[in-house]
Amino acid sequence: PLILSLEERCNPRLVGGKAAGLGKLLAAGFAAPTGLCVTTAVYRHCLDGAGISATETWRTMLHSSDGQRAEAQARIQRLLMEQPWPAGFCADLELRLKNLSGDPVTRWAVRSSATNEDAADRSAAGLYRTALAQSSGDVWQAIRGCWISLWDARVFLYWLQAGVDVPCPAMAVVIQPM
């Protein structure tokens, strides 16, 4: 699936740590904001469309010089910003946002939900992007902003300093009304 509600219990590899955690809270009856999750399937679709082998590129970048890493990051970020959305995705997301809020002037929180966030053995909390008070028209760029934050220099610096050869994460995106 390309889009899921936060109420749907899902594998963190599909929705990332933040969305999975919010889903658990909602299922347990806690007062957590409702919302949607743009799954890692959309992110992977765009990577594939750009011809990027994320796992191979990630592994190479972890062992590259700063200059080589910066070049690769800029290339990946540019390509992710240019890729077309999967067929039917835009109409589906627009409809789901409309049904979620019912108000065309709703502002949205667009939050990263990486597959390496909130893991039992490590945390990537605060590494990835969140965009607040986004209009419905701004949500599209904010989704891509979350994706490209996965490939940010400070992310690699964090994992390199931690001394962890972290596997390549994927990025889902949580969208919630503010």
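The values are calculated or read from the model by the stated rules, or taken from the named source; none is laboratory data. Keep in mind the model is a prediction, meaning the values are calculated, not measured. No Cβ is skipped: glycine too gets one built from the backbone with ideal geometry, and neighbour counts run over all protein chains shown. Keep in mind that these areas ignore ligands, DNA and RNA; they rest on the heavy atoms of the full protein, side chains included. Shrake-Rupley method; radii C 1.70, N 1.55, O 1.52, S 1.80 Å.
Structure data summary
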| quantity | calculated |
| --- | --- |
| On Cα atoms only, tilt of 89-101 relative to the major axis of the chain in degrees | 50 degrees |
| Sequence of 158, 43 when ordered by accessible area, the most exposed leading, probe 1.4 angstrom | 158, 43 |
| Most mobile listed residue (136, 65, 123) in the chain, GNM with C-alpha springs under 10 Å | 65 |
| Ratio of the Cα radius of gyration of the stretch 1-98 to 2.2 N^0.38 Å, where N counts its residues | 1.30 |
| For residue 172, residues with placed amide H under 5 Å, excluding near neighbours | 113, 114, 115 |
| Where the stretch 104-162 is the region considered: accessible area per residue in Å², 1.4 Å probe | 45 Å² |
| Amide proton proximity set for residue 107, modelled H, under 5 Å, gap of 5+ | 178 |
| Per residue value of the accessible surface for the stretch 1-92 (all protein chains in place, 1.4 Å probe), Å² | 51 Å² |
| Whole-percent carbon and sulfur share, accessible surface of the chain, 1.4 Å | 53 percent |
| For the stretch 154-162, 3J(HN,Hα) per residue [Karplus equation, 6.51 cos²θ - 1.76 cosθ + 1.60, θ = phi - 60°, Hz, x = Gly/Pro] | 5, 5, 5, 4, 4, 5, 5, 5, 6 |
| Mean Cα-pair separation over length for the chain, i.e. relative contact order, pairs under 8 Å, 6 or more apart, % | 33 percent |
| Counting all C-alpha pairs of the stretch 51-133, share separated by more than 21 Å (%) | 54 percent |
| Loop-resident sites, the stretch 7-105, for trypsin sites (Lys or Arg not before Pro), counting at most 16 other Cβ within 10 Å (DSSP) | 9 |
